[in-house]
Amino acid sequence: MKKNFKFWLMLLVAVFTLSVLAACSGSDTEEKGTEKEPEKESADKPEVNLDEEVTIRWAHQWGADHFWNGIGKDLKEKFPNVTIEVQQAGTDHPEDLEKLIAAKKSPDIVTMGLVTHANFLNNLGLAYNMDDLIAESGFDLNRLEPSIVQYARNQDPNKEDGLYILPNARPTWALHYNKDVFDTLGVEYPADGLTWEEVLELAKELTREVGGVQYRGLDLDVPYDAYTQFSQNSIDPETNEVLIAESEAYRRHLEYVGDVVAIPGNYPASEPASLLHNWGSLFSEGNIAMAPAATHYGWLGTDNVDIATYPVWKGYEGLNPVPNAGGYAITAPSEHKEITMEIVKYLLSDEYQMGVSKAGGASVLVNQEVHDVFGTENENLAGKNTAALFKNEYATGPAKKARYGDGVLWTAPIKYVESGKDINEFLRILQEEAEENVRKAMESE
């Protein structure tokens, strides 16, 4: 009886949802990236013969051992009639893919390290809009974190909101904090939901010398991720005009770096930039109170370290940095798209993702039951505030990517704190440098 009740309840919800979608305008649906009707399309799902012997070429840039020790062993058991030929190639080194194509051994699927590499697939003739294939397979995209899917859509090389890479991971960020430092200084541990502005005030309270030890309230390490929370282009994608001088994101981001560095004792007064871009090497020294960064599971293996949600900008609450993680890209030349899609569906199933989550892999699904078991088989995560990793959505980046990069963002924080210049003057300098970078890029084509 319970199963029948659940079935009819789900059916009624599905019918109601479809009626609401039908009432919406077509243009509104496209703008919001609303997915096609998965329940209706699944009824017309074409049969895929899983008993047919087939060979799939799988480009996996980390090599065959990494593949078979990871997802490969599970796929071999689940799909015994599918032979997987692992190719050590990927978009981190597009020339490897190019060699395979020249040898007429184009992959059927590519494991992507970053969804922003969709342009590399396009340049090689491998890019394939998976929307129709996904719909025909009956896979419900709404099962995945919507902001991660939308970010992947924003990488469409044709700027048409197509899905060329199906995300397979949920990147995580956190505000790591050293409980020993907080205890020594008599300050309460940070709570979830803090803004960058609140973290700055907390850092001022935690930056002081006690017992001959100089405690640093906040180490920014590599500040780039925080910039992406604004989802702003620094170059107009239509006109190629550089927008840095008028960019809210650039201004607030750089001013914040300057404010953190200016806290007396938090960074060295003579060479403040020397402690930027330290790639997490300083936190383990024990005198840093807080370090916002991509989740560092090594740090969490120590008793005195825990996490809170990654800080957010005021006015951009609830948004982590852009989710530039991995995914699966079925390729345009593949003659085995349907069976390959069945394999991807299995890897993104509740069943498979439950195991991923238990082992400490943050699942791309929105299934709370999957998140509830996160890290239960990883002793380093026992007792940690891992719920903080799933509380925020993600910035989705600009709706349309600019063709060219500005070439100045990565080192801008370092140059700013070294320059000693007024923010307006420094932004003008960056503007000019970026304009020159774009001009050279255009001339080189």
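Side notes on the structure shown:
- DSSP beta bridge pairing in the chain, given as percent antiparallel to the nearest 5: 60
- Residues of type aspartates and glutamates that K391 reaches as a straight line, Cα spacing below 15 Å, ignoring anything fewer than 8 places off in the same chain: E145, D192, E317, E369, D372
- Label-point gap, in nm, between N380 and K73 - each point 7 angstrom along Cα→Cβ: 1.9
- Amide N of segment 293-327 lying under 12 Å from the label point, which is placed 7 angstrom from the Cα of Q368 along Cα→Cβ: none
- Assuming charge only on the beta carbon of Lys and Arg (+1) and of Asp and Glu (-1), the dipole of segment 357-445 about its Cα centre is about 160 debye to the nearest 20.
- The gain in end-to-end length when the D132 to A191 segment is fully stretched comes to 16.9 nm, 0.36 nm per residue minus the alpha carbon separation.
- Cα gyration tensor category, rounded, prolate or oblate, for segment 264-412 with a/c compared to 1.5: oblate
- Full-extension gain in nm, E351 to E443, via 0.36 nm per residue minus C-alpha separation: 28.0 nm
- Whole-angstrom Cα spans of segment 215-286 along principal axes, big to small: 48, 21, 17
- Solvent-accessible area of M290 with every protein chain in place, 1.4 Å probe, in Å² to the nearest 10: 0
- In the chain, the DSSP-assigned H stretches of four residues or longer account for a calculated mean residue ellipticity at 222 nm of -10500 deg cm²/dmol, using -39500 (n - 2.57) per stretch and the full residue count as denominator.
- Positive dipole terminus of the chain, leading residue within M442, F139, T91 (C-beta point charges): F139
- Mean accessible surface per residue for the chain, computed with a 1.4 Å probe while every protein chain stays in place, in Å²: 49
- Kirkwood Rh in Å, taken over segment 345-445 so that all alpha-carbon pairs contribute: 17.9
- Qualifying aspartates and glutamates (Cα of each under 14 Å from Cα of K73; at least 8 residues distant if same chain): D65, E85
- Cβ charges +1 (Lys, Arg) and -1 (Asp, Glu), total dipole of the chain, debye: 520
- For segment 146-293, with +1 on Lys and Arg beta carbons and -1 on Asp and Glu, the positive-most of L200, N168, S270 along the dipole: N168
- Among the listed pairs K159/K204; K337/K401; K104/K358, those beyond 32 Å (Cα-Cα): K159/K204; K104/K358
- E209 paired with A245, simple spin-label distance in nm, labels 7 Å along Cα-to-beta-carbon: 4.4
- A convex hull fitted around the alpha carbon atoms of the chain yields 173 Å³ per residue.
- Taking all protein chains together and a 1.4 Å probe, the residues M442, M112 rank M442, M112 from largest to smallest accessible area.
The values are calculated or read from the model by the stated rules, or taken from the named source; none is laboratory data. All figures in this text were calculated on a predicted structure; none of them were measured in a lab. Here the Cβ is made from the backbone with ideal geometry for all residues, glycine too, and neighbour counts use every protein chain on show. These accessible areas exclude ligands, DNA and RNA; they are computed on the full protein's heavy atoms, side chains included. Shrake-Rupley method; radii C 1.70, N 1.55, O 1.52, S 1.80 Å.
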